[in-house]
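The values are calculated or read from the model by the stated rules, or taken from the named source; none is laboratory data. The structure presented is a predicted model; accordingly, all values stated were derived computationally and were not measured. Cβ placement follows ideal geometry from the backbone for every residue including glycine, while neighbour counts extend to all protein chains displayed.
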Amino acid sequence: MAGLASDASNPDVSLLHDINGLAKTAPPWFDRVMGFVGEYGLLLGTVLVVLWCWWSARRRGTPADSVTAVAGIVWAPLAAGIALLVNIPIRDFVERPRPFKDHKNLEVLVDGKTDFSFVSDHATLAMALGVALFVADRRFGLAAIGLALAEGFARVYMGVHYPTDVIGGFALGTAVALLLAPVALALLTPVVSAVARSGRGSRLVRSRRAVNPHRAETVGIPEPRIGGPATGHSDLAA
């Protein structure tokens, strides 16, 4: 399978040249930015979205909502790690060389890529994070999936992956995040619930300032009353 997608008449190769051709006409500074963004920046951005989602989940909803949401958020990095492990035998079985090995006229923006090309680790990792996060919170999940799509485009733009490497990574990350989610959440939810009932560890699940929409008060702040704070009597009663 080493010769997969090596024919220039193959749509996979044609799309590779079309996307990577943009790097040839772009200013050098832009290619340097794309090289950094595609290698590190977009993944870092996805991790920040996951952390932002966790920070938000701790501060809203009921305590049970926080437990459920945090369990889903914890599943996101676990799903990404499992997907990367699953990719190891796939990559070694397919043994597809990096595109610049067979196509010398590509504009390669990063050096040192000596492993196999199918499937893309970056695409797998980013999409697993995005889809798993979508299970926990749709708003943040959509943002992470958008970053994953940008990551896939960047890998082809950089000349280090074929488009089908990226598509394969998206499929693998999505499959792991969705298919294993029911089992993972069933195992993670009681663990997160136990952490929520612990001492200082509870802050990892529920902020002290969290707002419970089913109560008339904010945690740690007395319920507001109508009237003077000294007497606590209502002005209407007077």
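Please state which one of Ala186, Ala177 is surrounded by fewer than 18 Cβ atoms within 10 Å (Cβ to Cβ) and modelled with pLDDT of 85 or more.
Matching residue, one of Ala186, Ala177: Ala186.
When only residues in region 198-213 that are basic (Lys, Arg) and surrounded by 13 or more Cβ atoms within 10 Å (Cβ to Cβ) count, which is modelled with the highest pLDDT?
Step by step, filter region 198-213, then rank; the result is Arg203.
Which count do you get for residues in region 101-117 that are touching a Lys or Arg at 6+ places or on another chain (Cβ under 8 Å) and of a type in the set (D, E, K, R)?
3
Picking from Gly41, Gly35, Gly45, Gly72, which residue would you name as being free of Cβ contacts under 8 Å to residues at least 24 places away in the same chain and in a helix (DSSP H, G or I)?
On inspection, the qualifying residue turns out to be Gly41.
Considering (1) modelled with pLDDT of 95 or more; (2) over 16 Å from His122 (Cβ atoms); (3) not hydrophobic (A, V, I, L, M, F, W, C), say which one Glu151 fails and leave the rest.
(2)
So, of the residues in region 148-157 that are touching a residue at least 24 places away in the same chain (Cβ under 8 Å) and surrounded by fewer than 22 Cβ atoms within 10 Å (Cβ to Cβ), which turns out to be farthest from Val74 (Cα to Cα)?
If we take residues in region 148-157 being touching a residue at least 24 places away in the same chain (Cβ under 8 Å) and surrounded by fewer than 22 Cβ atoms within 10 Å (Cβ to Cβ), then Phe153 is farthest from Val74 (Cα to Cα).
Filter region 48-69 down to residues that are of a type outside the set (D, E, K, R) and not in a helix (DSSP H, G or I) and give me whichever is farthest from the chain's Cα centre (by Cα).
Thr62
List the helices (runs of 4 or more DSSP H) that sit entirely inside region 88-207 and contain at least 1 residues that are small (Gly, Ala, Ser).
Fully inside region 88-207 and qualifying: 121-136, 138-157, 163-179, 181-196.
Which residue pairs have Cβ atoms closer than 6 Å, lie 6 or more positions apart in sequence or on different chains, and pair a first residue in region 1-25 that is of a type in the set (Asp, Glu) with a second residue that is modelled with pLDDT under 90?
Asp12/Ala5
So which residues in region 62-82 are out of contact with any helix residue (DSSP H, G or I) (no Cβ under 8 Å at 6 or more places or on another chain) and among the hydrophobic types (A, V, I, L, M, F, W, C), if there are any at all?
The one that is out of contact with any helix residue (DSSP H, G or I) (no Cβ under 8 Å at 6 or more places or on another chain) and among the hydrophobic types (A, V, I, L, M, F, W, C): Ala64.
Out of the residues in region 51-69 that are without any contact (Cβ under 8 Å) to a residue 40 or more places away in the chain and closer than 20 Å to Pro182 by Cα, state the one that is surrounded by the fewest Cβ atoms within 10 Å (Cβ to Cβ).
Ala64
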